[in-house]
1. Count, please, the residues in the range 53-67 that happen to be of a type in the set (Lys, Arg) and either touching a helix residue (DSSP H, G or I) at 6+ places or on another chain (Cβ under 6 Å) or at pLDDT 80 or above (or both).
2. List the pairs whose first member sits in the range 31-49 and is in contact (Cβ under 8 Å) with a residue 12 or more places away in the chain and surrounded by 10 or more Cβ atoms within 10 Å (Cβ to Cβ), whose second member is part of a helix (DSSP H, G or I) and of a type in the set (A, V, I, L, M, F, W, C), and whose Cβ atoms are under 6 Å apart, counting only residues at least 6 apart or on separate chains?
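The values are calculated or read from the model by the stated rules, or taken from the named source; none is laboratory data. Small disclaimer: the values here were computed from a predicted structure and weren't measured. Note: ideal-geometry Cβ built from the backbone for every residue, glycine included; neighbour counts use all protein chains shown.
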Amino acid sequence: MIGLFMGKWLHSWLIRTVEVDFLMFGRSVHTRSYILAALLTFVFSLSVNFFSFFTIKDIDMIQSLKSVE
């Protein structure tokens with residue numbers, strides 16, 4: 001949640017820093033951007049958890065503690 005609010009500050013700082021007199025960028029961040037960022041983060045974390053669950057489930061924890069590696 002903090003990242004969403006800090007992102008607005010970072011966006012405005014970055015846009016003001018890279019702008020020159022003959023090239024201007026949009027300075028507003030729409031609510032749709034916040035929703036899309038949260039949704040993409042949620043989908044990515046769910047997919048990583050789903051795919052790694054089956055790999056981690058197959059690891060024998062007792063045997064891995066005995067390993068020298």
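1. Here is the first cut: in the range 53-67, the ones of a type in the set (Lys, Arg) are 57, 66.
Next, only the ones that are either touching a helix residue (DSSP H, G or I) at 6+ places or on another chain (Cβ under 6 Å) or at pLDDT 80 or above (or both) stay: 57.
Of the residues in that region, 1 qualify.
2. If the second residue must be part of a helix (DSSP H, G or I) and of a type in the set (A, V, I, L, M, F, W, C), the pairs left are Tyr34/Leu4.
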